[in-house]
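Here the structure comes first, spelled out in structure tokens, and everything after it is commentary.
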Amino acid sequence: MKNALITGAGTGLGQSLAKQYAKQGYHILLVGRRKEKLDETKDLIEQAGGTAESYTCDITKWDELEELAQKVDQIDVLINNAGIGYFGAFEDLEKDQIDTMLNVNAAGLIYTTKHLMPHILTSKGRILNIVSTAGLRGKVHEAGYCASKFAQRGFTEACKKSMRIAEFQLQVFTWAA
């Protein structure tokens, strides 16, 4: 059975992707900060006949990602989905909001890819990086968010040109609960 590891899998798009990949026969490795939310997603997958494991991990923490990389054996699909946004007039954004968006959306994606790349190379797997339309064009009241999403896009495009893996994709989703 193939394994799909999904960050931000406890809620929203991550949860939806986890359920969809489970329906396609993947064993799902759920990654996120909140165990309760991951376990809810795990229960939904198992109730539908799929299989999943939960891993509590903050993707902005290098050491936690090192531990995660040692715990998992096989990853055939890595879906970098975790993200956060703060919206409104740029002049009203606080430093901690800007730092959080850049740390989660840009650094977290890069850290996750760095730590899990050996698994992808071994399985000859693929990586999907999820960005919003904010990674494609500037948007009103989304300056900080767009900056973090453009960073994801630039990283993905650079990796597509230089990585030795089967597939490195940029996925753009417009998603609503």
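Does at least one position in the range 45-54 carry a residue that is under 19 Å from Asn129 (Cβ atoms), free of Cβ contacts under 8 Å to residues at least 60 places away in the same chain and of a type outside the set (Phe, Trp, Tyr)? No; the residues of the range 45-54 include none that is under 19 Å from Asn129 (Cβ atoms), free of Cβ contacts under 8 Å to residues at least 60 places away in the same chain and of a type outside the set (Phe, Trp, Tyr).
All conditions in (1) among the hydrophobic types (A, V, I, L, M, F, W, C); (2) surrounded by 19 or more Cβ atoms within 10 Å (Cβ to Cβ); (3) under 30 Å from Glu142 (Cα atoms) hold for Leu93, with the sole exception of (2). Determine whether the range 58-66 contains at least one residue that is charged (D, E, K, R) and in contact with a Cys (Cβ under 8 Å, 6 or more places away or on another chain). Taking every residue of the range 58-66 in turn, at least one turns out to be charged (D, E, K, R) and in contact with a Cys (Cβ under 8 Å, 6 or more places away or on another chain). Figure legend. Inter-residue proximity from the range 127-153: first residues part of a loop (DSSP other than H, G, I, E, B), second residues modelled with pLDDT under 90 and not charged (D, E, K, R), beta-carbon distance below 6 Å, spacing 6+ or different chains. Indicated pairs: Glu142/Ala134. Residue selection: Leu116 satisfies the criterion of being part of a helix (DSSP H, G or I) and touching a strand residue (DSSP E or B) at 6+ places or on another chain (Cβ under 9 Å). Among residues of the range 82-99 that are among the polar types (S, T, N, Q), those with a Cβ under 8 angstrom from a residue that is in a helix (DSSP H, G or I), sequence gap 6+ or separate chain, pair up as Gln97/Gly144.
Applying a threshold of 7 Å to beta carbon distances and a minimum spacing of six or more residues, or different chains, the list of pairs starting in the range 61-73 at a residue that is closer than 13 Å to Gly108 by Cα and ending at one that is of a type in the set (Ser, Thr, Tyr) reads Trp62/Tyr111; Leu65/Tyr111; Leu65/Thr112.
The values are calculated or read from the model by the stated rules, or taken from the named source; none is laboratory data. As the structure is a prediction and not an experimental result, all values here were calculated from the model. Note that we place each Cβ from the backbone using ideal geometry, even for glycine, and neighbour counts take in every protein chain shown.
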